[in-house]
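The values are calculated or read from the model by the stated rules, or taken from the named source; none is laboratory data. All values derive from a computational prediction rather than experimental measurement. As a convention, Cβ positions derive from the backbone with ideal geometry for all residues, glycine included, and neighbour counts pool all protein chains shown.
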Amino acid sequence: MNYNSSKVITSLALALMSTFVFAQNVTLPRPSQYAEVTQQVGISHVTIKYHSPAVNNRQIWGGLIPYGAMWRAGANENTTITFSHDAELEEQPIAAGTYGLFMFIKDKENIRIILSKYAKSWGTNYPAEQDAVLIADVSTNKIPSQDWLSYDFKDRSGDDVTAVLRWADLEVPFNISFDVDDIVIENARAELKGPVGFTWRGYMQAANYCLQNDFNLEEAMTWIDQSISMSSGFSNLQVKAGLLAKNGEVEEAKKVMDQALPTANPFQLNQYGYQLLAVGDTKKAIEVFSMNVKKNASHQFIWGFTDSLGEAYLKDGNKKLALKYYKEARKVAPENQYAYLDGVINGIEGK
């Protein structure tokens, strides 16, 4: 190889190296920085990812964001919204997945939410109308001026939440809801086929969820029977009694609870007594609290169990026995409970 050929090859190599080196970008802050927010509803999640521009003394609505035009609902890459499970947005069904979130700005009071099947657009490369998987019209709210665009969640309940975009002097709210009970139970069915299904506790938890939410009771009974067959104890027997009572089998429910009570630990008995008080069965609550005090006289928390018995007698209108047990609780209570118990005792005695 002659000198000139070698020089050409070296020059080409250097040129290629230069191209590679200068094609790399230094990471620098972007004017509209990335942000994301996530909200859990039941066991489901909604996540909004976006880039947040500032007002910077510009007119936003009807200016930078013109009326009668599409907007990416943020800056840079388009805003996206992800649903972990099937949901509803403004009472319209939307399948689990990630979508491009766009807005059509009709005017300052009315905005159209558009979810697109394309979630990787950039800038003003807006999706065609046929690419929309959901369209919903919402009304805006006036807010105190806010410089940076943000997304947030408000008005949360057990099965829905309101997502909000806030920027400049406007808030754009849109409601998102999930069929929480169905999602929880479908998830429970799946989990019970895995490691969770090898223990009594998983079947009990699934059955108790159905009991507390008053649905899917037939399958719940199957689950609780499976739990009891694996390990019978107060917790799952109490759930079975509750399911029987829901089904109108009140006497059978009482028999199951009679079977359950001897297996309860002191705190389970105390909690069950308060559950009875909450539904107005004061006589049965007194019976349960009395059992707990007799069985666990040497327990370090005996003062609390005795206090509970006094409370039950007070609710039953028996001030004499209420005072007796409150005073017994005072004798063995820790010093930090003296003020509370003295206050109750003085109140009963009319001091």
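Before moving on, here are some points about what is shown:
One line per residue, one yes/no per condition, for (1) out of contact with any Leu (no Cβ under 9 Å at 6 or more places or on another chain); (2) modelled with pLDDT under 95; (3) of a type in the set (Ser, Thr, Tyr):
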position: VAL37; (1), (2), (3): yes, no, no
position: GLN40; (1), (2), (3): yes, no, no
position: THR47; (1), (2), (3): yes, no, yes
position: ILE81; (1), (2), (3): no, no, no
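- Test: residue in the stretch 82-102 that is touching a helix residue (DSSP H, G or I) at 6+ places or on another chain (Cβ under 7 Å) and surrounded by 14 or more Cβ atoms within 10 Å (Cβ to Cβ): yes
- Considering ARG189, ARG166, the condition of being outside the structural domain of ILE48 (by TED's automatic domain parsing) and either surrounded by 14 or more Cβ atoms within 10 Å (Cβ to Cβ) or within 28 Å of ILE43 (Cβ to Cβ) (or both) is satisfied by ARG189 alone.
- The number of residues in the stretch 89-105 that are touching a Pro at 6+ places or on another chain (Cβ under 9 Å) and either among the charged types (D, E, K, R) or closer than 17 Å to ALA163 by Cβ (or both) comes to 2.
- Looking across the stretch 106-143, just one residue is in contact with a strand residue (DSSP E or B) (Cβ under 7 Å, 6 or more places away or on another chain), over 20 Å from VAL164 (Cβ atoms) and among the basic types (Lys, Arg), and that is LYS117.
- In the stretch 289-342, of all residues being within 20 Å of LEU277 (Cβ to Cβ) and small (Gly, Ala, Ser), the one that is surrounded by the fewest Cβ atoms within 10 Å (Cβ to Cβ) corresponds to GLY317.
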